[in-house]
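Accompanying notes for the structure given below.
The values are calculated or read from the model by the stated rules, or taken from the named source; none is laboratory data. What you see is a predicted model; the values in this text were computed from it and never measured. Here the Cβ positions follow ideal geometry from the backbone for every residue, glycine too, while neighbour counts run over all protein chains shown. To get the accessible areas, we keep the full protein, side chains included, count just its heavy atoms, and leave off ligands, DNA and RNA. Shrake-Rupley method; radii C 1.70, N 1.55, O 1.52, S 1.80 Å.
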Amino acid sequence: MAAPMEVALVTDAAGPLSNCSVWELHSGSALPGYRGGNSGARSLALLGGEHLLGAQLGKGYINVWELQRKDQLQQKIICPGLVTCLTASPNGLYILAGIAESIYLWEVSSGNLLAMLNRHYQDLTCLCFTDDSSHFLSGGKDCLVLVWNLYSTLQVEHAQIPEPRHVWSRHSLPVTDLCCGFGGPLARAATASLDQTVKLWEISSGELLLSVLFDVGIMAVTLDLSEYHMFCGGMNGSIFQVDLCAWPVQRDRAFQSERETGKIFKGHRNQVTCLSVSTDGSLLLSGSHDETVRLWDIQSKQCLRTVNHKGPVTNAFIVLAPANMFNPDSKPGVPLPKFSKHLHGTESSEDQGAEGVTLRLGLHQQGAGESYLEKAERLYSQMCSTREKNLMGDQEQLKIQVTELEDEVSTLRKINKNLFDFSARIITKSAK
């Protein structure tokens, strides 16, 4: 039986003709790519080994291809705003998208929007799942990294607001990238930031294990499969290798570029935007705003291959090619449904009549619910209270007050965002 083929999936911001290029990792031979649209940064993901997802750059929708049909878009998932980051669970059951400061969670089998999480205060920049799909992490321009338990999030009632398992607030500037190791809820996670640090955390306890300070802002981070090394892409084009098993063990460490020249990959002329390590841990793939993708030998730090693009590279990662990627006669096991823009349970009656099966976790723990008499009594009391408010004229006044409060919140959000952007520029300039 032939060994699985490793391929590189790469997108750039050049134009809409060729979205995602594909090439064989070891030989460098180009393979048929995916056409139509172009994907934004941190917005390309494989779904269940049968579909490729790419959030359209500067638009409010997600392009969907069947892996074997590279020349034709199968579907567009319409979103309520610009998608700033995108990921899919490794088990292929869920899709996550960052839209402004909110996280949208869809169920793939039904297309239902199961949750909208609003715990960030600024736009999201990155999302990632643990390898067992039990947890996911979100990072944003508000300098926060949130750790979410997927199943706890799904079990929360609509009237309640889901809470993250951990809130990591040790970064002082926007978070730029996330990476999870192996081990599910026991895994370690790396976070990168413009504050010139990369931090390593333990997901189960939420404890900070390591903080490495660099002399430039870090735009990308990844771990090798053995988690002996951490690779960090800088704004100056350098890639730094951090040994996680170095002795003595220090929680706070400074990477000294002058002394550790043997642990720096040099070749890119602009900021490194994405990093990925091969399965055997011998090769490192990097993409940059200098419009090139480079393949490096990790042991020697030599560049083995340079692939030129026509625009800044937005995504570049290594995957084991699914069997149906190169079989034009194959078809997905289950076709994708139409994805909803509205939170499940709040759709119109027409949307609720659509086909699909919804799986909700933990229903056996929720009890039998209220009886018909209890429900009738509750609805009657609500109707009476609404009628009394209408007679007193309170409802119209309440609508006016709600509108005024919404306008005030919108204004305060704009002021907060402007203040944050101004402070970030001042801090960044002073650091330079």
Open item on the list: With every protein chain kept in place and ligands, DNA and RNA left out, what is the accessible area per residue of the chain? Probe 1.4 Å, answer in Å².
Closed with: 51 Å²
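Counting helices only, and only those DSSP H runs with n ≥ 4, report the 222 nm mean residue ellipticity of the chain as the sum of -39,500 (n - 2.57) divided by its residues, in deg cm²/dmol to the nearest 500.
-5500 deg cm²/dmol
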Open item on the list: If I take every Cα pair under 8 Å that is 6 or more residues apart in the chain, average their sequence separation and divide by the length, what percent do I get for the relative contact order?
Closed with: 13 percent
Task: Most mobile of W247, W23, W148 in a GNM of the chain (Cα contacts under 10 Å) - done: W247
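As a quick test, which of the pairs K141/K341; K59/K429; K70/K310; K199/K301; K59/K141; K199/K310 have an alpha carbon distance above 27 angstrom in this structure?
On the way: K141/K341 24 Å; K59/K429 31 Å; K70/K310 20 Å; K199/K301 23 Å; K59/K141 20 Å; K199/K310 33 Å.
Violating the 27 Å limit, Cα to Cα: K59/K429; K199/K310.
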TODO: Can you tell me the 0 to 90 degree angle between the C-alpha axis of helix 372-392 and the longest principal axis of the chain, rounded to 10?
DONE: 80 degrees
Task: Spacing of the two label points (7 Å from each Cα toward its C-beta) at Q302 and D252, in nm - done: 4.1 nm
Task: Solvent accessible area, Å² - L336, 1.4 Å probe, full protein context - done: 30 Å²
TODO: Any chance you could check the Cα centroid distance between the range 85-151 and the range 172-200 for me, in angstrom?
DONE: 15 Å
TODO: Compute, for D71, the solvent-accessible surface of its heavy atoms (probe 1.4 Å) with the complete set of protein chains present, and express it in square angstrom to the nearest 10.
DONE: 120 Å²
- [ ] Could you check the simple spin-label distance between H342 and L93, using points 7 Å along Cα→Cβ, in nm with one decimal?
- [x] 2.7 nm
- [ ] Enter the angle in degrees (range 0 to 90, nearest 10) between the Cα long axis of helix 394-431 and the first principal axis of the Cα atoms of the chain, meaning the one along which they spread out most.
- [x] 10 degrees
Open item on the list: Restricting to DSSP loop positions (anything but H, G, I, E, B) with no more than 15 other Cβ atoms inside 10 Å of their own Cβ, which GluC sites (Glu not before Pro) remain in the range 185-240?
Closed with: E207
Task: For C143, residues with placed amide H under 5 Å, excluding near neighbours - done: V175
Open item on the list: Under 10 Å, Cα contacts only: if you run a Gaussian network model on the chain, which one of S138, S172, S89 comes out with the highest mean-square fluctuation?
Closed with: S172
Open item on the list: Order V216, V293 by their accessible area, 1.4 angstrom probe, all chains in place, largest first.
Closed with: V216, V293
Task: Pair A323, R165: separation of 7 Å Cα→Cβ label points (nm) - done: 3.3 nm
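Over the Cα atoms of the range 126-198, Rg to Rh with Kirkwood Rh, two decimal places?
That ratio is 1.00, to two decimals.
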Open item on the list: Springs between alpha-carbon pairs under 10 angstrom, Gaussian network model over the chain: which of I161, I78, I415 fluctuates most?
Closed with: I415
Open item on the list: Counting only protein heavy atoms and a 1.4 Å probe, tell me what percentage of the chain's accessible area is made up of carbon and sulfur.
Closed with: 54 percent
Open item on the list: Taking a virtual spin label 7 Å from the Cα of I426 along the C-beta vector, which residues in the range 186-214 bring their backbone nitrogen under 20 Å of it?
Closed with: 194-196
